Amino acid sequence: MIAIEDVSKRYADGTVAVDRLSLQIPNHSITVLVGPSGCGKTTTLRMINRMIEPSSGTIRVNGEDILRKPVNALRQSMGYVIQNAGLFQHRTILDNIATVPRLLGWSKQRARARAAELMERVGLDPAMARRYPYQLSGGQQQRVGVARALAADPPILLMDEPFSAVDPVVRRGLQEELLRIQGELGKAIVFVTHDMDEAITIGDRVAVLRTGGKLAQFAAPDELLSAPADAFVEEFLGGDRGIRGLSFLSTRDLALDRSRVFPVGSDWQQLAGESAGAGPVLVTDADAKPLGWADLTVWAGDVQALEPHGQAFEVGKDSLRVALDRAVLSPTGQAVAVDGAGRVLGLAGQETVAAAIRAARQRRAADSEGVSTVKAAR
């Protein structure tokens, strides 16, 4: 979709913001530009829609040099979302979202109908349509900004640190909303952030830029975490990249223990005798959903007296990072594994998760060795 070919941006005072950058940004994916201040992230984004003209090199969209296309037509083919949303304060939420369709000549009725549709898509209450931006929270305003960028259904969405001004909880919600929308619409999204966690969470591919606009590494998030290109990338990723890398390992094949899971109607006195010294058991209700932990040496069968089981993880959906987190936080050291309906599938302790991590790394190493062998044979 977007090809950045040997592009540089030099200013009259000699400052080099972007230095011979080359990237292939595919369709139906989120490509994240990340790096320290002064690395040329925003400059690169603005060169794509010609808010800034490149000094040299070529940027192509669908094979066409953007300098050969009228700038208004180019920008109308791209949605643009910025920090703090950049909404028109004198316009209602509905009319803010309808801005670009109206500029393209849509009737007011059609543009507002599209805006109402997008409000629902980005998770905004229709009752907000007649409100003004100052009457919304920061997170709600950012959702309006995303909806406005999507209003004319552009194939490309440019996002310049759109979620950095909101609190962490709202930010996570906005990230999840963006991923949901992308799953439905499949845009080519170029997303700028200074936050590596955000880059890894939402990016299909991540471009790490150095100060001065040089590309350090361009890779999928799991590859970036497991094999940083050099010391700069490794340092920028931070000291916990091994833990973050677990986000890309599935719990689907995790070996679960069911020996310590019992329904609420069990014979607790008999079980206490059979499992003396073996530690707490997980008690489930009639639907196999977790109720809590019981120490059978003292528990008398009162459900109200059970110790809370903590947060569970969903097998196949949640990652090994989530499973490990649940095990660490569990009062018994055992994470509760459930299916999509919340029914208990078994327990996973920290050692079980560690074994799954080792197995996953061994499979990855074997896969890498196999790829290398094939390449050598060719």
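Worth a mention:
Residue-wise test of (1) part of a strand (DSSP E or B); (2) closer than 21 Å to ALA188 by Cβ; (3) modelled with pLDDT of 95 or more; (4) in the same structural domain as GLN175 (by TED's automatic domain parsing).
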{"position": "VAL7", "(1), (2), (3), (4)": "yes, yes, yes, yes"}
{"position": "SER22", "(1), (2), (3), (4)": "yes, yes, yes, yes"}
{"position": "SER37", "(1), (2), (3), (4)": "no, no, no, yes"}
{"position": "GLY57", "(1), (2), (3), (4)": "yes, yes, yes, yes"}
{"position": "ASN72", "(1), (2), (3), (4)": "no, yes, no, yes"}
{"position": "VAL81", "(1), (2), (3), (4)": "yes, yes, no, yes"}
{"position": "ASN84", "(1), (2), (3), (4)": "no, no, no, yes"}
{"position": "HIS90", "(1), (2), (3), (4)": "no, no, no, yes"}
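- One residue alone among LEU324, LEU296, LEU345 is part of a strand (DSSP E or B) and hydrophobic (A, V, I, L, M, F, W, C), and that residue is LEU345.
- Residues of the range 48-74 that turn out to be in contact (Cβ under 8 Å) with a residue 60 or more places away in the chain and among the aliphatic types (A, V, I, L, M), as a count: 2
- Any helices (runs of 4 or more DSSP H) falling wholly within the range 213-264 and containing at least 1 residues that are farther than 17 Å from GLY35 by Cβ, of a type in the set (Val, Ile, Thr) and at pLDDT below 90: 241-245
- Against the test of being modelled with pLDDT of 90 or more, surrounded by fewer than 19 Cβ atoms within 10 Å (Cβ to Cβ) and either closer than 23 Å to ASP240 by Cβ or aromatic (Phe, Trp, Tyr) (or both), the options LEU329, LEU324, LEU320 yield a single qualifying residue, LEU329.
- Only one of the numbered conditions (1) in a helix (DSSP H, G or I); (2) out of contact with any helix residue (DSSP H, G or I) (no Cβ under 9 Å at 6 or more places or on another chain); (3) over 23 Å from VAL233 (Cα atoms); (4) hydrophobic (A, V, I, L, M, F, W, C) is violated by MET47, and that is (2).
- Matching entry among ARG172, ARG130, ARG143 (being in a loop (DSSP other than H, G, I, E, B) and either under 30 Å from ALA227 (Cα atoms) or more than 13 Å from the chain's Cα centre (by Cα) (or both)): ARG130
- Qualifying residue in the range 109-116 (condition: over 24 Å from ARG91 (Cβ atoms) and surrounded by fewer than 20 Cβ atoms within 10 Å (Cβ to Cβ)): no
The values are calculated or read from the model by the stated rules, or taken from the named source; none is laboratory data. Just so it is clear, the structure is predicted and the values come from calculations on it, not from any experiment. All Cβ positions, even for glycine, are placed from backbone atoms using ideal geometry, and neighbour counts span all protein chains on display.
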